[in-house]
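The values are calculated or read from the model by the stated rules, or taken from the named source; none is laboratory data. Owing to the predicted nature of the structure, the values given are computational and were not obtained by experimental measurement. Cβ: placed from backbone, ideal geometry, glycine included. Neighbour counts: every protein chain shown.
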Amino acid sequence: MQLMKKNIKVLLLAVFVAAASCSFTTKEFNDPDKDKLLIDLITYVLLKGHYNPKDIDDEFSSNVYDDYIYGIDPLKRYFLASDIKEFSKYRTEIDDQIKNKELTFFDLVYNRFMKRMEEVKKLYPEVLEVPYDYTKNESINIDYDELPYAITKKEIKKRWRKQLKLTSIANYYDLIKDNGKSDLNKVFNNIEELNELDLNKIFNNKEELNELDNTPKSKEELEKKARENTKTSLDDYFEFADDLERKDYFAIYLTTIVEEFDPHTNYFAPPDRDRFDLRMSGKLEGIGARLQKKNNYIKVTELISGGPAWRGEHIEVGDIILKVKQEDEQDAVSIVGMRIDDAVKLIKGPKGTKVTLTIKRVDGTIEDETITRDVVELEETYAKSTLISKEEKNFGLINLPQFYFDMNNYRERNAASDVKKEIIRLKKQGMEGLVLDLRNNGGGSLRAAVDIAGLFIKEGPMVQVASSGSKNEVLKDRNKDIIWDGPLVILVNELSASASEILAAAMQDYKRAIIIGSKQTYGKGTVQNLIDLNQWLRKSDMGDLGALKLTTQKFYRVNGGSTQLEGVKSDIVMPNRYSYIDMGEREYDNPLPYDKIEPVDYKVWDGHIDFEEIINNSNVRLAKSEQLMLIEENARWIKNRRDETEVRLNFNEYKTEIERRIEETKKFDAIDEYDNKLSYQSLPYEVKLMEQDTILEEKRKRWHKNLRKDIYLEEAINVLEDLKISNIKNSKVANIKK
């Protein structure tokens, strides 16, 4: 996604981003009904601003109909066939309703779903009151797409009985397996892990701890316990569902409409927009705690390292927040029973302001804690690096989870500036080659991707951006400084998308880096802008309307090819566990097509490197790897298991199948036991931080532990060695010729 100033010739997009964006139209958005106003406003923005707008016609209507019904009831456990028959008369009328700002279809489906949900809320406790007979020969087909809708409520009840039996038999199997074992052994993998933890932070009170025992229970007791566990899960689900309001379901309806244009055009209701901003910037203003609603109480589930709550030791994991009082108010507000989103709004706030929380401690005591809010940075969002030692050689690894940037001020903090800092730090430690890890990086700022690419070459075009009805724009690196001119490898996988693909593609086209990973990356070659819907309204009392993430452009490589659908194909392909599972852009509905445009002039990196020889050497190594053969076999096994849709609900048959699978997977345990024999070391600046931050130290230890199992990183280091040797050899040859 890109959020940056565009060429002023791209009038429409410039107008969208500008503060006075409403000036380009005389259309009024003043319907007093907020839902109808949103429909009108969103469709207007879609038709005027989308890169490839669709006709809102009967075909569009039919697609919205199918996707919305599926989105509401994907497992076909609520609606009856008679409901679907009643809904179906609107199959080709939704387009007309959108144009006329009518909500008949939405209201009908919403009200019927609320009714069916209330019926199910009474149904499932009744079903779970009756013990299951696990000697009965029956099964359940989990291919819900092929399942017809139930005709009667009696059939719905049978459907729920089987579905709940499926959940309960899994619980029953686990209980049978662990019967008589200490409950603490079930919770923790080993005694070493247990010794490192504070039990008071795990259990709410001493009574809960005392309940743990290893007394064997009868099968009848275990069967009952299995049903109770299933019921608890359903209770939690419906507690969450009860917090949802009509506006939440309407947001789902709007999202269904906009996603018919393409899978990355989304409607963000106000809370979702806040979460998106947080994900892109990696920071928030508040107390620095993650919260969860459980049994009407707001509970602290995690303290964010470095945040105000963590620094001041005000609260602990497991504490319950009962009340919230702002510094300029006399009375505290009870948040017991409040929606989690509404509670979070009260707790978070601008940097420097104070909030007083009434806390119920894990030991039952109740206290008030006053916390000064601050900017909380989510450390796991940002780039991190480590020094890798192999024999007497040092290499650098930078892991970049996403192309983040500050939503209000790009220069304040962004992925490119952080990567630059990490490269400089690694160079000071004697780095001889660099691995940039973009695996699972779903993208972010296009500008950050261009800026990072510029760290590795002198100057030149990085990506072409096409806008509907406008001349293609070429984004260039204009900074002649090269921060790293040594060997470079980029790691990718099927989930490396968008900005990750721009960076990898540019480095591949320039022959600046070797790309290692899955057969191809995700295949997202489109650009989105976040449009604040409130900017079209003057003097509105409608409240926050949210935002629209709108596909406005398509990007192309400097060689003219698109990454849309095709992704970036790795120079060195390595199998992974998901090699045979369909993933990526092509698996979504309504993706934009792949195409090509004219290439631009660019100069290939003059690095004196024989890429073909290095790639061939790598392939020879990989062909001999027993670990990769095992990963390949595991990938095929996973694919075959995913294709199975029939599950037996007879316990002996279920147990036999589970144990057969466990036995089959034992051979794959070696995948997680692999040791690449590389040494990992945090950089000096982080070592100093760890003296004050033990959580950071633990995070890095776990990261390094996982890196030791990483065969893809091992091969990246091997390739860096080959690149270094090739560079030295060919440089000598070039000098002799001179």
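Count of the stretch 239-278 residues, restricted to those that are modelled with pLDDT of 90 or more and either assigned by TED's automatic domain parsing to the domain that holds Gly444 or in contact with a helix residue (DSSP H, G or I) (Cβ under 7 Å, 6 or more places away or on another chain) (or both), is 14.
Scoring Ile514 on the criteria (1) at pLDDT below 95; (2) buried (at least 24 other Cβ atoms within 10 Å of the Cβ); (3) closer than 30 Å to Gln681 by Cβ leaves a single failure, condition (1). Quick check: is even one residue across the stretch 676-683 assigned by TED's automatic domain parsing to the domain that holds Glu432, touching a residue at least 40 places away in the same chain (Cβ under 8 Å) and either assigned to a helix (DSSP H, G or I) or more than 21 Å from Lys393 (Cα to Cα) (or both)? No, the stretch 676-683 contains no residue that is assigned by TED's automatic domain parsing to the domain that holds Glu432, touching a residue at least 40 places away in the same chain (Cβ under 8 Å) and either assigned to a helix (DSSP H, G or I) or more than 21 Å from Lys393 (Cα to Cα) (or both).
With respect to the stated conditions, Asn676 is modelled with pLDDT of 90 or more and surrounded by 13 or more Cβ atoms within 10 Å (Cβ to Cβ). Looking at the stretch 611-622, I want the residues that are over 12 Å from Glu721 (Cα atoms) and have a partner that is modelled with pLDDT of 95 or more and in a helix (DSSP H, G or I) with Cβ atoms under 6 Å, at least 6 apart or on another chain. Which pairs are those? Note: pairs meeting the criteria are Leu622/Leu628.
Of all residues in the stretch 589-616, those that are crowded, with 18+ Cβ neighbours inside 10 Å, over 22 Å from Glu566 (Cα atoms) and not aromatic (Phe, Trp, Tyr) total 3.
Of the numbered conditions (1) under 19 Å from Val492 (Cα atoms); (2) in contact (Cβ under 8 Å) with a residue 12 or more places away in the chain, Pro591 fails exactly one; give the number of that condition. Tallying (1) under 19 Å from Val492 (Cα atoms); (2) in contact (Cβ under 8 Å) with a residue 12 or more places away in the chain, Pro591 fails exactly one: (1). Entry remark, the stretch 438-476: residues being of a type in the set (Asp, Glu) and either over 23 Å from Asp406 (Cβ atoms) or surrounded by fewer than 21 Cβ atoms within 10 Å (Cβ to Cβ) (or both) number 2 in total.
In the set Ser500, Ser417, only one residue is small (Gly, Ala, Ser), surrounded by fewer than 24 Cβ atoms within 10 Å (Cβ to Cβ) and in a helix (DSSP H, G or I); that residue is Ser417. Take the conditions among the polar types (S, T, N, Q) and assigned to a helix (DSSP H, G or I) and apply them to Asn529. Does it pass? In short, no.
Entry remark, the stretch 578-637: residues being more than 27 Å from the chain's Cα centre (by Cα) and outside any helix (DSSP H, G or I) number 18 in total. Considering only residues in the stretch 362-395 that are more than 32 Å from the chain's Cα centre (by Cα) and not in a strand (DSSP E or B), the one that is surrounded by the fewest Cβ atoms within 10 Å (Cβ to Cβ) turns out to be Glu392. Here are some residues: Leu357, Leu291, Leu322, Leu284. Which one is modelled with pLDDT under 75, hydrophobic (A, V, I, L, M, F, W, C) and either part of a loop (DSSP other than H, G, I, E, B) or in contact with a strand residue (DSSP E or B) (Cβ under 6 Å, 6 or more places away or on another chain) (or both)? Checking each option against the conditions leaves just Leu284. Lys85 meets the conditions (1) over 16 Å from Ala251 (Cα atoms); (2) touching a residue at least 12 places away in the same chain (Cβ under 8 Å) in every case but one. The failed one is (2). Candidates Asn229, Asn214, Asn179, Asn204: the one that is touching a helix residue (DSSP H, G or I) at 6+ places or on another chain (Cβ under 8 Å), modelled with pLDDT under 85 and surrounded by 15 or more Cβ atoms within 10 Å (Cβ to Cβ) is Asn179.
Only a single item in (1) among the polar types (S, T, N, Q); (2) at negative phi; (3) in contact with a Lys or Arg (Cβ under 7 Å, 6 or more places away or on another chain) is not met by Gln508, and it is number (3).
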